[in-house]
Amino acid sequence: MRRADREVTDVDGMIDIIDHCKVCHIALMDGEWPYIVAMNFAYRYENDQLVIYLHSAKEGRKVDLISRTHSAGFELDTNYHLHEGEKACQYSAGFLSVIGTGNIDFVEDRESKKSALQTIMLHNTGKSNWEFSEDMLDAVLIFKMEVTQISCKEHL
C-alpha cells in the first residue's frame, strides 16, 4: 500500500471494518476483461483465515465464471464522506475499505449451505435462527471464498 499511514494491519481493526460493510463487490475474469458484481455477503474469521460467503441464483454469468476460474478479487467499503476544500484539487474522500483476492467455490453440502445462509442473514439483519425450507436450499447457490490476500485502508 502506497500510504502506509492509512493501512490497517491488525485483525481486530479489519474485522471491525468488515462488520460495517454491507455489500461485497467481487471481480471475476471474463477473458481479457474483469466482470464486477455487487453481492450480499457475510464472513467468518476462524483459525487465522477469513472466509467470505455469498449467495445468488443458480445460473448466470458469475456462476459460469466461477466454475471456470475458481478465483476472485473482492472489495468492501463503508463510511464514505467528502472532505471539502477551497479548490478542486483540495477535495478528498474519507472511507474505510478492504480489498483482496481468494479462491472461490460452491458450497454443496446442505448443512454447510444452511450454516452459510445463517451467517449471511445474521450479518445483514442482526437476527439468527432462520428456517430454510428444502425448496429454498434448492433454489439458492452459495459461494465460499477463502481469502488468500487482503489489505485494509482507513482514510478518515
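The values are calculated or read from the model by the stated rules, or taken from the named source; none is laboratory data. For clarity, every value in this text was computed on a predicted model and none was experimentally measured. Reconstructed Cβ throughout: ideal geometry from the backbone, glycine too, with neighbour counts over all protein chains shown. With ligands, DNA and RNA removed, areas are computed over all heavy atoms of the protein, side chains included. Shrake-Rupley method; radii C 1.70, N 1.55, O 1.52, S 1.80 Å.
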- Task: Assess whether Ala72 counts as being in contact (Cβ under 8 Å) with a residue 24 or more places away in the chain and of a type in the set (A, V, I, L, M).
- Result: yes
- Query: How many residues, within region 88-111, are farther than 25 Å from Cys152 by Cα and either charged (D, E, K, R) or modelled with pLDDT of 95 or more (or both)?
  - Reply: 6
- at pLDDT below 95 and part of a strand (DSSP E or B), is that true of Tyr35? no
- Item | Residue that is most open to solvent (accessible area, probe 1.4 Å) [pool: residues in region 99-156 that are in contact (Cβ under 8 Å) with a residue 40 or more places away in the chain and among the small types (Gly, Ala, Ser)] | Ala139
- Do the conditions hold for Thr78, that is, is it β-branched (Val, Ile, Thr), modelled with pLDDT under 95 and surrounded by 13 or more Cβ atoms within 10 Å (Cβ to Cβ)? yes
- Quick one: which of Asp48, Asp16, Asp77, Asp12 is within 23 Å of Ser112 (Cα to Cα) and charged (D, E, K, R)? Asp48
